[in-house]
Amino acid sequence: MCGIVAYNGIRQTVPILIDSLKRLEYRGYDSAGIAVFNGNAVEVHKDKGRIVDLEKILPAISGTIGIGHTRWATQGRPNKVNAHPHTSGRIAVVHNGIIENYQQLRDWLTKSGYVFISETDTEVLAHLINHYYDNNLTDAVMTALKDIKGSYAVAVICGSELVAARKDSPLVIGIGEGENFVASDIPAILNYTRKVIFLDDLEVASIAQDHVSIFDTHKNAVQKTIHLIDLDIRDAEKSGYEHFMLKEIHEQPRAFHETLAGRISELEGIIKLDGLNLTEDEIKNMSRINMIACGTSFNAGLLGKYLFEQSTYTHIDVEIASEFRYAHSSPGSLVIVISQSGETADTLAALREAKSSGCMTLAITNVMGSTITREVDSVVYTRSGPEIGVAATKTFISQLCVLYLLSLYFGKVQGKINSDRMKRMLASLKQIPAQMTRILNNKELIKNYAQKFASSNDFFFIGRTFNYPIALEGALKLKEISYIHAEGYPAGELKHGPLALITKDVPVIAIATKGATYDKMVNNVKEVKARDAYVLAIADEKDNEIEKYVDAVIRVPATEEMFSPMLSTVVVQLISYYIAKARNCPIDQPRNLAKSVTVE
Ligand code: AGP
């Protein structure tokens, strides 16, 4: 989605803005622009297309204060006029979010004599700030924002003043020496500083070269904590891989290991989850659990449902966040929200709905300080490091890791998992990173199969129980990055309709690892083979039966039935990646998609 950067300091701002914007490219965008105060006036340069295209049209500009933006069109087409920054008089604005009452404000401002040139809601904000401006930018921004309904993260310059504010859209302030930064996403400024202030909703920051003042809505000064960000800049670089996605797939053993680290003792059969603020009594008496998420995080939640039901024998609901917010949630139940970014607007809205209904809330997320983490009762972090590719990979694996830990922990507290079983499960879980590495070492074989499918138009991924969410995830990955139509199905459901689509031209990936439903899965494989589909099975290393029924097999190490989804995940990710690569698709930034979806 849209990205914001801003700078006020002692250095030339243009190279810093451009470098920081490039670090936000992964979020997805269709146009980009900057505004710089050159000592006399604000110069604005923007265009449709990529940041490298913007760089080509930039004249030499001298100035040490500026704002920059990558736009992902919501209100108004992706073109030069609609690109940010937007200006009004001496004011220049970049904005993420949606101004819901923009039409009323636009009508009112038009009557007051302001002329609109774009189709965007952001231009309203520029004129509104100009309207209220009386030699104090902070006051003008504060007054203008009081008129706004909707969500925003904004950075505004007027002469040598820089002001930033947020509501329901992320924004951080980077603290440097004689220079300060603003960004919608930490990786944008990691090259310059690791000290950040997380702005909270409705706060407004005045950012000078050597100090930052933050105010609440009544203009009272707010004291904020400066956080030291412990991220490696290399996490936000490709480090020799052709795509971030491939790098992040390879980082999964480490991400999984980091997510487990310090949280388990397999010798004692103990799980300790930092950040889980639920008492044992609350867990014992838990009557209802809802998992809520979108996209890949939803697929993790669906697997979470199977895991919790297996460990606690309790029924779990899992729901798409954008639908849950209209559903009834019962007070006293636990709502688990899963979100890699911690900023997804649909998930945030569902969380707020759940809180207002009196539910206990727990988040599984990867981003410290993100909005969701600040609104829930408990947070258990995944520790994947920043994920840059739009297609979620390593964060999915870490989400699964946390769901395994939570479900086993709940089962133990509720007395449904004994100590011996716990020790056995934890010992198996510890093997997973090494087993993933074995699959990664076999990627040439997966690549060869994937290349066979590069010209297919339709695809099916099928699985049962624990493997069904991975079938969904495989199909989602393939759709996102290769633009091939793909369906993920519970294998038993094919005969109720989708079997009509199976022909020799529709490859089927059958996730057929050993487990309670293996025999039924084999029957489903026979059904699709009988319709001439090419079937590629993902099966255990020791399974000598499956090859009789399928065209090809990719092997994964044998593990506990409930842990095998993590290994199959690596295979479906690599299949999707290599198909997209063979089709020459822009893998890290697929069309129409954004990394963090901050609009509903
Ligand atoms: C995953 O590959 C997608 N890009 C997308 O489905 C994503 O999982 C979804 O938007 C939810 O994001 P979140 O985990 O940051 O909330």
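The table that follows gives values for the structure above.
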{"item": "Base-10 log of normalised Debye intensity for the range 369-510 (one unit scatterer per alpha-carbon) at q = 0.10 Å⁻¹", "result": "-0.50"}
{"item": "Charge sum, other residues only, whose C-beta stays under 14 Å from Pro78's C-beta, Lys/Arg counted +1 and Asp/Glu -1", "result": "+3"}
{"item": "Filter on Lys48/Lys219; Lys416/Lys520; Lys443/Lys520; Lys224/Lys595; Lys80/Lys447; Lys305/Lys595 - keep pairs with C-alpha separation over 31 Å", "result": "Lys48/Lys219; Lys80/Lys447"}
{"item": "Rounded to 5, the percent of DSSP beta bridges in the chain classed as antiparallel", "result": "60"}
{"item": "Förster radius 25 Å - calculated FRET efficiency between Lys56 and Gln12, Cβ distance, rounded to 0.05", "result": "0.85"}
{"item": "Kyte-Doolittle mean at least 1.0, axial Cα span of 24 Å or more - DSSP H helices of the chain", "result": "394-413, 564-582"}
{"item": "Virtual paramagnetic centre 7 Å along Cα→Cβ of Ile226, amide N under 18 Å, in the range 168-182", "result": "172-182"}
{"item": "The range 475-547-the range 77-113 distance, computed between alpha-carbon centres (Å)", "result": "50"}
{"item": "Peptide ranges 505-511, 87-93, 59-65 listed from the most packed, as the mean C-beta count within 10 angstrom indicates", "result": "505-511, 87-93, 59-65"}
{"item": "Candidates per GluC sites (Glu not before Pro) in the range 197-297, loop by DSSP, up to 13 other Cβ within 10 Å", "result": "Glu242, Glu268"}
{"item": "Förster radius 22 Å - calculated FRET efficiency between Asp201 and Asn101, Cβ distance, rounded to 0.05", "result": "0.80"}
{"item": "Pairwise FRET efficiency - Asn40 versus Glu282, Cβ, R0 = 45 Å, nearest 0.05", "result": "0.10"}
{"item": "Relative contact order, percent, the range 210-330 [alpha-carbon distance under 8 Å, six or more residues apart]", "result": "14"}
{"item": "Percent of Cα-Cα distances greater than 32 Å, calculated over the chain", "result": "49"}
{"item": "Residues Val572, Val154, sorted so that the one with the fewest Cβ neighbours within 10 Å comes first", "result": "Val572, Val154"}
{"item": "Loop-located GluC sites (Glu not before Pro) in the range 29-103, at most 16 other Cβ atoms within 10 Å (DSSP)", "result": "Glu100"}
{"item": "Inverse of mean 1/r across different Cα pairs in the range 3-230, Kirkwood, Å", "result": "17.1"}
{"item": "Fully extended contour minus Cα-Cα distance, from Thr437 to Phe116, at 0.36 nm per residue", "result": "110.0 nm"}
{"item": "Relative contact order computed over the range 1-128 (Cα-Cα under 8 Å; 6+ residues apart), in percent", "result": "27"}
{"item": "Computed lengthening from Asp19 to Ser160, 0.36 nm per intervening residue step minus Cα-Cα distance", "result": "48.6 nm"}
{"item": "Alpha-carbon Rg with Dmax, taken over the range 329-428, Å", "result": "14.9, 42"}
{"item": "Nitroxide proxy distance, nm - points 7 Å out along Cα→Cβ at Lys416 and Ala454", "result": "4.7"}
{"item": "Global form of the range 239-430, assessed from the alpha-carbon gyration tensor, a/c cut-off 1.5", "result": "oblate"}
{"item": "Under DSSP loop assignment and at most 11 Cβ neighbours within 10 Å, longest chymotrypsin sites (Phe, Trp or Tyr not before Pro)-free interval of the chain", "result": "1-312"}
{"item": "Within the range 321-335, backbone nitrogen closer than 19 Å to the virtual label 7 Å beyond the Cα of Thr74 toward Cβ", "result": "321-326"}
{"item": "Separation in nanometres of the label points that stand 7 Å from Cα toward Cβ, at His315 and Lys542", "result": "3.7"}
{"item": "Inter-probe distance in nm under a simple model that places probes 7 Å from Cα toward Cβ, at His485 and Ser357", "result": "3.5"}
{"item": "Relative exposure of Ile99, Ile270, judged by other C-beta atoms within 10 Å (fewest first)", "result": "Ile270, Ile99"}
{"item": "Theoretical ellipticity at 222 nm over the chain - DSSP helices of four or more residues, -39500 (n - 2.57) apiece, nearest 500", "result": "-10500 deg cm²/dmol"}
{"item": "The range 3-230 - percent relative contact order, Cα under 8 Å, separation 6 or more", "result": "20"}
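None of the figures in this text is laboratory data; all of them are computed from the coordinates on show. Since the structure is predicted, the reported quantities are computational estimates derived from the model, not experimental observations. All Cβ positions, even for glycine, are placed from backbone atoms using ideal geometry, and neighbour counts span all protein chains on display.
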